[in-house]
1. Within the stretch 106-143, restricting attention to residues that are outside any loop (DSSP other than H, G, I, E, B) and among the hydroxyl-bearing types (S, T, Y), which residue is nearest to Q95 (Cα to Cα)?
2. Identify the residue in the stretch 218-233 that is in contact with a helix residue (DSSP H, G or I) (Cβ under 6 Å, 6 or more places away or on another chain) and not in a helix (DSSP H, G or I) and, among all such residues, is surrounded by the most Cβ atoms within 10 Å (Cβ to Cβ).
3. So D208 clears everything in (1) at negative phi; (2) of a type in the set (D, E, K, R); (3) modelled with pLDDT of 95 or more except one condition, right? Which one?
4. Only residues that are part of a loop (DSSP other than H, G, I, E, B) and polar (S, T, N, Q): list them for the stretch 197-217, please.
5. Select from the stretch 40-66 the residues that are acidic (D, E) and part of a helix (DSSP H, G or I) and write down the one among them that is farthest from V88 (Cα to Cα).
6. Would you tally the residues in the stretch 166-196 being part of a helix (DSSP H, G or I), in contact (Cβ under 8 Å) with a residue 24 or more places away in the chain and over 16 Å from the mean Cα position of the chain (by Cα)?
7. List the number of the failed condition for E177; all other conditions in (1) under 27 Å from G43 (Cβ atoms); (2) surrounded by 22 or more Cβ atoms within 10 Å (Cβ to Cβ); (3) of a type outside the set (V, I, T) hold.
8. If you check S81 against the conditions, is it surrounded by fewer than 19 Cβ atoms within 10 Å (Cβ to Cβ), within 20 Å of K37 (Cβ to Cβ) and without any contact (Cβ under 8 Å) to a residue 12 or more places away in the chain?
Amino acid sequence: MGVICTITECLWKVIKSENSSGSKSEGMEEERVALDKAKMSRGIETLDKFVTEDEMIYAFSPITMVSLGGYLAVSHFQNPSTTEDIDVIIDPELQLAMVKVGRDLGFGEKWMNDSVALFVSKSACESIFEDAEKQNIILWSGENIRILAAPLEWGLETKLRRLSTKPHHLKAITDVEDVLVILNTLIDQNEGPLERDTIRKLNRNGFDVAIAHSVLDRVAKTYQERYGNNPFF
């Protein structure tokens, strides 16, 4: 099972000290590569094969990861067509493998990363994996790696929360697009609109501030303009 982890300073010292023609100088911002569905599949296939080369990692295979954000949007909803990285909650044994694959394919060291883990508590992580298994939206499955879509309600919550706390974030426009697509899917599953107060109080961590009413107002207006009905009641 995947667990929450962050890339420690010690780990990054090991990574940066490796000899690589594609390595960056200390302090330089790594150039991001636009990843479409084909590139992401190529990267994950390479990672899947790489797992067999490391006995310590292979012992834990098959390894399950949970992904939200760009990879879910591109691979499952086909909206948009590219993303700059794949956000996952991962097993720590895969950290170095992901960096090496990114370097080898020219996708950059952060093509797949667990930065989202910084915002999720351990108990929330466990419930995310449990709900992802129940939801069973399989984004990718290979011999050694399986990637499940994060629970759609949590994906919706993370997007709405960022729109609440960082309304002028660089990804605000794509966040709104993701919210509309996820909302439409949940409404179809529910066979009707969702309870607004329930959505506003989505709180996987249990300690985050409620989603702003102004954000839900904006989302409801945009949703109605696109789909012709109010997403909430």
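1. Applying the first criterion (outside any loop (DSSP other than H, G, I, E, B)) to the stretch 106-143 yields 112-113, 115-119, 122-135, 138-141.
If we keep only those that are among the hydroxyl-bearing types (S, T, Y) as well, we get 115, 123, 127, 141.
Working: S115: 12, S123: 21, S127: 22, S141: 19 Å.
If we take residues in the stretch 106-143 being outside any loop (DSSP other than H, G, I, E, B) and among the hydroxyl-bearing types (S, T, Y), then S115 is nearest to Q95 (Cα to Cα).
2. Once the filter is applied, the top-ranked residue is P231.
3. Every condition holds for D208 apart from (3).
4. Scanning the stretch 197-217 gives N203, N205.
5. The initial filter retains those residues of the stretch 40-66 that are acidic (D, E), namely 45, 48, 53-55.
From what is left, the residues that are part of a helix (DSSP H, G or I) are 45, 48, 55.
Working: E45: 16, D48: 15, E55: 22 Å.
Among them, the one singled out is E55.
6. Of all residues in the stretch 166-196, those part of a helix (DSSP H, G or I) come to 172-190, 196.
Now narrow it down to the ones that are in contact (Cβ under 8 Å) with a residue 24 or more places away in the chain: 174, 176-187, 196.
Adding the requirement that they be over 16 Å from the mean Cα position of the chain (by Cα) leaves 180, 183-187, 196.
The qualifying residues number 7.
7. It is condition (2) that E177 fails.
8. Values: surrounded by fewer than 19 Cβ atoms within 10 Å (Cβ to Cβ): yes; within 20 Å of K37 (Cβ to Cβ): yes; without any contact (Cβ under 8 Å) to a residue 12 or more places away in the chain: no.
Considered against the rule, which asks whether it is surrounded by fewer than 19 Cβ atoms within 10 Å (Cβ to Cβ), within 20 Å of K37 (Cβ to Cβ) and without any contact (Cβ under 8 Å) to a residue 12 or more places away in the chain, S81 comes out as no.
The values are calculated or read from the model by the stated rules, or taken from the named source; none is laboratory data. Everything numeric here is computed off the predicted structure, so don't read it as measured data. All Cβ positions, glycine included, derive from the backbone under ideal geometry; neighbour counts span all protein chains shown.
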